[in-house]
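Engineer: Right, I'll just put the structure down here and ask away after.
The values are calculated or read from the model by the stated rules, or taken from the named source; none is laboratory data. Fair warning: this is a prediction, and the values are worked out from it, not measured in the lab. Here the Cβ positions follow ideal geometry from the backbone for every residue, glycine too, while neighbour counts run over all protein chains shown. Accessible surface is based on the protein model in full, side chains and every heavy atom, while ligands, DNA and RNA are left aside. Shrake-Rupley method; radii C 1.70, N 1.55, O 1.52, S 1.80 Å.
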Amino acid sequence: MAALGIPVFACTPDQFPELMATALRREDVHGWAADRDIKLVRAEG
């Protein structure tokens, strides 16, 4: 997934609704994760 440019990470169930809302609004998921100190998996290259 990361190789396709899709953000991959884990979050708590409490964070999931906000994550989905961010994604559905096409906002910056990377920024959302960074603001919450969630580490993203990125493709190596």
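Engineer: Of all accessible surface on the stretch 6-45 at a 1.4 Å probe, what whole percent is carbon and sulfur?
Structural biologist: 55 percent
Engineer: Just to confirm a number: summing +1 for Lys and Arg and -1 for Asp and Glu over residues other than residue 12 whose beta-carbon lies under 11 angstrom from that of residue 12, what do you get?
Structural biologist: Neighbour charge sum, excluding residue 12 itself: -1.
Engineer: I've got another one for you. Taking only the alpha-carbon positions of the chain and ignoring solvent, what does the Debye formula give for the base-10 log of I(q)/I(0) at q = 0.16, 0.19, 0.21 Å⁻¹?
Structural biologist: Taking Cα atoms of the chain as identical point scatterers yields -0.41, -0.57, -0.69.
Engineer: I would also like to ask the following. Ignoring ligands, DNA and RNA, what accessible area per residue does the chain give at 1.4 Å, in Å²?
Structural biologist: I get 80 Å² per residue for the chain.
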